[in-house]
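To start, the structure itself, in structure tokens.
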Amino acid sequence: MNKDIEVESWRHILQNALTNRSFLLGAIISGAIILMALLSLFWTPYDVTKLVIVNRLKMPSAEFWFGTDHFGRDIFSMVMVGARNSIAVALVAVGIGVIIGVPLGTWAAAKRGFVDEALMRFNDLVFAFPALLSAVIITAIFGPGAINAIIAIGIFNIPVFARLSRGAALSIWPREYIMAARVAGKSRTRITIEHIIPNIANILIVQITIQFSLGILAEAGLSYVGLGTQPPLPSWGRMLFEAQTMMSFAPHMAIFPGLAIVITVLGLNLLGDGLRDALDPRLRRSR
Amino acid sequence: MALLQIKDLSLTIGDDVILKGIDLTLEPGEIRGIVGESGSGKSMTAFSIMQLLPNGSDTSGSVMFDGKELTQASEKQMCGLRGDDLAMIFQEPMTALNPLKTIGDQVAEGIRLHGNVNARQAREQAAEILEHVGLLAAEFPLNRYPDQLSGGQRQRVLIAIACAMRPKLLIADEPTTALDVTVQAKILKLLKSLVDEYQMGLLLISHDLGVVAEVADSITILKQGKVVEQGPTLDVLRQQKHAYTRQLAEASSHQPVRLTKPVLSADAGDTTPLLEVRDLIVTYPRTRKHLFDRPDPLEAIDDLSFKIYPGQTTALIGESGCGKSTLARTILGLQQPASGEIFFSGDKIIPGTPQAMQQARQDMQIVFQDPYGSFNPRHKVARLVGEPLHLRPELGKEQRMDMVEQALRSVGLGSGDLDKFAHEFSGGQRQRIAIARALVTQPKLIIADEPVSALDVSIRAQILDLLSNLRDAYSIAYLFISHDLSVVRAFCDEVMIMQSGKILEQGPVDQVFDSPEYDFTRELLDAAPRLDKYI
């Protein structure tokens with residue numbers, strides 16, 4: 001019965017997810033990166049702010065797993081700390097998108113009419129600018145730094161979540177249980193909180209993982225052009241930038257932060273794909 | 001030799017046994033009705049013949065069609081048969097047509113595939129067959145798109161597609177269930193005439209004994225994948241040898257007992273009406289044709305007035321699109337009227353203050369048609385049923401729980417069900433939960449929007465009994481929206497016949513049904529299939 005599709009419980013969804021290969025692989029990769037980032041809060045093999053010139057440009061070895069950079073800093077330690085920065089920036093940026101975008105989108109869906117039109121046209125306006133380019137403009141105006149990078153990336157997550165949650169909410173509003181809630185005299189806000197958001201949460205979760213990986217890419221991009229995380233804190237993007245001039249004789253300086261970005265984004269995308277399959281039974285059955 | 005001979009057909013899908021040894025024969029020119037409740041295997045029998053079964057199904061037994069064994073046929077052989085000698089039409093004419101192709105193309109497609117003709121000939125044949133099923137070329141040229149047609153017209157297009165190659169066997173799976181009664185009568189007549197003309201066999205799958213009694217020569221009654229009884233329609237329905245046949249027939253013409261006296265408006269005197277609607281007009285904006293277009297609004301409800309007295313059950317009958325549901329939404333305050341007034345127990349609620357509406361809402365609840373869509377899938381029964389208690393914030397948590405439990409008990413469910421999700425219940429039980437939700441604030445008026453039309457007949461009878469008992473016990477008034485005239489006759493005190501946003505006539509049920517004033521009412525009454533004519 002296709003009518004029973006939408007009533008899957010969260011436990012059921014989790015069971016589906018756990019039997020899904022890309023979800024599992026994505027979860028393992030993302031989990032490992034997050035663990036590494038958390039670990040860097042307490043311990044790294046070497047201090048990343050200390051310059052030891054004698055150790056400069058060492059190749060990967062048992063002593064320095066990923067080698068060292070031109071200031072003698074341990075690249076493995078820097079990748080660990082960089083993970084922390086990337087995740088923090090992406091997390092907060094997605095958080096801004098969700099916390100502002102979802103209420104805006106569900107509000108537009110609940111109100112319709114002028115509010116809806118105005119919000120969505122404004123969304124279109126924000127969407128019309130290439131996100132990364134505008135982030136560059138914002139950080140260029142307000143000055144480089146992690147906080148401004150977060151704000152810049154966050155602003156471009158708002159319309160993504162607003163549009164998505166509006167569309168999903170619009171498909172829930174005409175349902176009869178919403179009618180029943182309105183007959184029970186509940187306000188639009190209350191209906192949105194009690195009925196709409198729990199029923200669009202699955203779609204939002206998938207989008208969160210995707211935006212999260214895009215956030216990590218954006219942070220790396222901003223740091224690469226020097227507008228993201230500032231020295232002495234290491235960041236994957238700036239490590240790539242610094243490695244650029246030394247590619248011919250110290251390729252490890254570029255390879256490891258590059259790999260870190262690729263693996264993290266891959267892991268998050270796999271996680272998102274797996275979640276989407278687990279949450280959308282039609283896709284699952286056709287596979 | 002029989003056109004179709006099914007012998008000992010069994011089907012399992014995964015671990016579920018769907019069909020258990022079905023035997024069935026069909027002669028050319030015969031209409032055989034297959035009747036059963038949901039889950040009886042009616043549709044799966046059809047899909048077994050077409051070999052369109054879902055993955056993981058396992059069949060045994062034999063399906064002989066026109067001298068060919070279909071269970072052994074390859075997919076390629078089946079593709080040659082489907083749409084040529086074997087054709088099928090479905091319940092939902094709205095989704096069975098491709099919205100991006102013209103009706104002419106869709107009919108011609110099958111003719112080209114099987115007919116060995118060129119595109120021009122195929123279009124000529126398509127035009128012929130469309131004319132034959134009643135879509136005259138002058139009115140319905142081939143380049144019409146499905147969205148420009150009504151439900152009945154789309155079903156005619158589907159019949160044209162199915163019959164274009166003059167199939168030997170046509171399977172119709174609930175072909176008229178989604179249609180209005182007057183349209184249903186016309187479609188059934190068309191099918192019957194096509195069967196006579198082409199001498200094809202027709203398997204008419206239906207849940208409605210009345211429909212089958214009207215057109216079928218023979219009948220097969222299925223229950224849980226088994227044939228309960230079969231034979232010539234009238235013999236089976238009149239003799240009712242099997243207990244299940246009797247049960248189905250009784251449930252189909254079930255009359256709930258009304259213990260209290262019917263409430264008639266004529267006897268009301270100066271009692272304050274519970275609900276009074278005065279000169280109500282509701283409009284919808286039409287879509288703009290261009291930027292500066294100011295189209296006249298569409299009048300969904302056009303100057304409508306009526307009264308419902310306390311404890312009265314008033315039926316609202318009309319065809320789809322006549323404004324029945326819009327009226328319900330307007331009374332509940334979910335839709336703003338363009339003009340007019342609505343009074344509840346003498347208080348003006350529309351137009352009125354939000355407080356007045358909120359007050360009236362405690363006494364006014366709704367039960368919907370679809371027992372699947374009317375619950376938030378993520379909430380448990382306790383929360384679902386308790387939702388309207390939001391209107392009474394003065395109640396404590398325990399009082400709320402008491403009221404929820406009481407409402408559940410009065411619909412025949414227990415406190416053990418409080419902690420379950422809606423999807424753990426059957427369709428009939430869900431409708432009970434929906435009624436419990438409507439009852440929990442102890443309302444004086446329940447608007448029931450087709451509350452039994454999505455249910456199997458035996459469950460329909462139970463729910464009607466329940467609604468009737470509740471009416472006796474709590475003297476609830478109902479606004480009972482329905483297209484099913486037999487249910488209305490059995491259940492309601494008064495009836496309003498609605499056509500294009502207006503009330504055509506109203507009065508006590510017997511009066512309107514026995515001596516209708518308008519042709520439209522008479523047509524509606526004549527078109528409704530009546531089982532009692534045949535038993």
query: Any idea which of (1) within 22 Å of the chain's Cα centre (by Cα); (2) without any contact (Cβ under 8 Å) to a residue 24 or more places away in the chain is the one A:Leu91 doesn't satisfy?
result: (2)
Which numbered condition B:Gly318 misses (of (1) surrounded by 22 or more Cβ atoms within 10 Å (Cβ to Cβ); (2) within 30 Å of B:Ser150 (Cβ to Cβ); (3) out of contact with any His (no Cβ under 8 Å at 6 or more places or on another chain)): (3)
message: Looking for something assigned to a strand (DSSP E or B) and in contact (Cβ under 8 Å) with a residue 24 or more places away in the chain - is there at least one such residue anywhere in segment B:70-78?
response: no
message: Among the residues that make up segment A:52-73, is at least one of them among the hydrophobic types (A, V, I, L, M, F, W, C), closer than 30 Å to A:Phe156 by Cβ and either open to solvent by 40 Å² or more (accessible area, probe 1.4 Å) or modelled with pLDDT of 75 or more (or both)?
response: no
- prompt: Quick one: would you say B:Asp84 is of a type outside the set (A, V, I, L, M, F, W, C), under 30 Å from B:Ala213 (Cβ atoms) and either touching a residue at least 60 places away in the same chain (Cβ under 8 Å) or in a loop (DSSP other than H, G, I, E, B) (or both)?
  reply: no
- prompt: For segment B:479-499, which residues satisfy the criterion of being part of a strand (DSSP E or B), open to solvent by 10 Å² or more (accessible area, probe 1.4 Å) and under 19 Å from B:Tyr309 (Cα atoms)?
  reply: B:Glu494
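Residue-wise test of (1) more than 20 Å from A:His195 (Cα to Cα); (2) within 13 Å of chain A (Cβ to nearest Cβ); (3) in contact (Cβ under 8 Å) with a residue 24 or more places away in the chain.
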position	(1), (2), (3)
B:Pro393	no, yes, no
B:Arg409	yes, no, no
B:Gly414	yes, no, no
B:Lys420	no, yes, yes
B:Glu424	no, yes, no
B:Arg430	no, yes, yes
B:Ala438	no, yes, yes
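Every residue, every condition in (1) out of contact with any helix residue (DSSP H, G or I) (no Cβ under 9 Å at 6 or more places or on another chain); (2) of a type outside the set (Gly, Ala, Ser); (3) within 14 Å of chain B (Cβ to nearest Cβ), yes or no:
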site: A:Asp116; (1), (2), (3): no, yes, no
site: A:Arg121; (1), (2), (3): yes, yes, no
site: A:Ser134; (1), (2), (3): no, no, no
site: A:Ile138; (1), (2), (3): no, yes, no
site: A:Pro144; (1), (2), (3): no, yes, no
site: A:Ala149; (1), (2), (3): no, no, no
- line: When every residue in segment A:116-141 that is at pLDDT 85 or above and open to solvent by 60 Å² or more (accessible area, probe 1.4 Å) is compared, the one nearest to A:Gly237 (Cα to Cα) is A:Ile141
- line: Per the filter on segment B:82-96, residues hydrophobic (A, V, I, L, M, F, W, C) and either at pLDDT below 85 or open to solvent by 20 Å² or more (accessible area, probe 1.4 Å) (or both) are B:Met88, B:Phe90, B:Met94, B:Ala96
field: Candidate set: segment B:367-389, residues that are at pLDDT 85 or above and at the interface with another protein chain (Cβ under 7 Å from one of its Cβ atoms); chosen: the one nearest to B:Ile447 (Cα to Cα)
entry: B:Phe368
- line: Here the residues within segment A:163-203 that are more than 7 Å from chain B (Cβ to nearest Cβ), of a type in the set (S, T, N, Q) and either in contact with a strand residue (DSSP E or B) (Cβ under 9 Å, 6 or more places away or on another chain) or in contact (Cβ under 8 Å) with a residue 12 or more places away in the chain (or both) are A:Ser165, A:Thr189, A:Thr192, A:Asn202
field: One residue from A:Arg11, A:Arg21 being at negative phi, open to solvent by 50 Å² or more (accessible area, probe 1.4 Å) and within 14 Å of chain B (Cβ to nearest Cβ)
entry: A:Arg11
- line: Of those in segment B:238-266 that are part of a loop (DSSP other than H, G, I, E, B) and in contact with a Lys or Arg (Cβ under 8 Å, 6 or more places away or on another chain), the residue least open to solvent (accessible area, probe 1.4 Å) is B:Gln240
task: Kindly establish whether A:Ser22 is modelled with pLDDT under 85, part of a helix (DSSP H, G or I) and under 24 Å from the mean Cα position of the chain (by Cα).
output: yes
message: Of everything in segment A:142-171, what is farther than 17 Å from A:Gly101 by Cβ, surrounded by fewer than 22 Cβ atoms within 10 Å (Cβ to Cβ) and not hydroxyl-bearing (Ser, Thr, Tyr)? Give them in sequence order.
response: A:Phe142, A:Gly143, A:Pro144, A:Gly145, A:Ala146, A:Ile147, A:Asn148
query: Mind checking whether some residue in segment B:443-460 is open to solvent by less than 20 Å² (accessible area, probe 1.4 Å), under 30 Å from B:Ala243 (Cβ atoms) and outside any loop (DSSP other than H, G, I, E, B)?
result: yes
- prompt: Are there any pairs, at least 6 apart or on different chains, whose C-beta atoms fall under 7 Å, with the first in segment B:350-366 and within 11 Å of chain A (Cβ to nearest Cβ) and the second open to solvent by 30 Å² or more (accessible area, probe 1.4 Å) and among the basic types (Lys, Arg), and if so, which?
  reply: B:Gln362/B:Arg392
task: At least 1 residues that are open to solvent by 40 Å² or more (accessible area, probe 1.4 Å) in each: list the strands (runs of 3 or more DSSP E) lying fully within segment B:330-429 that qualify.
output: B:339-344, B:347-350
query: With respect to B:Ser60, is the statement that it is buried (at least 19 other Cβ atoms within 10 Å of the Cβ) and more than 23 Å from B:Pro167 (Cα to Cα) true?
result: no
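The values are calculated or read from the model by the stated rules, or taken from the named source; none is laboratory data. Quantities reported herein were computed from a predicted structural model and do not represent experimental measurements. Virtual Cβ from ideal backbone geometry, glycine too; neighbours counted across all protein chains shown. Keep in mind that these areas ignore ligands, DNA and RNA; they rest on the heavy atoms of the full protein, side chains included. Shrake-Rupley method; radii C 1.70, N 1.55, O 1.52, S 1.80 Å.
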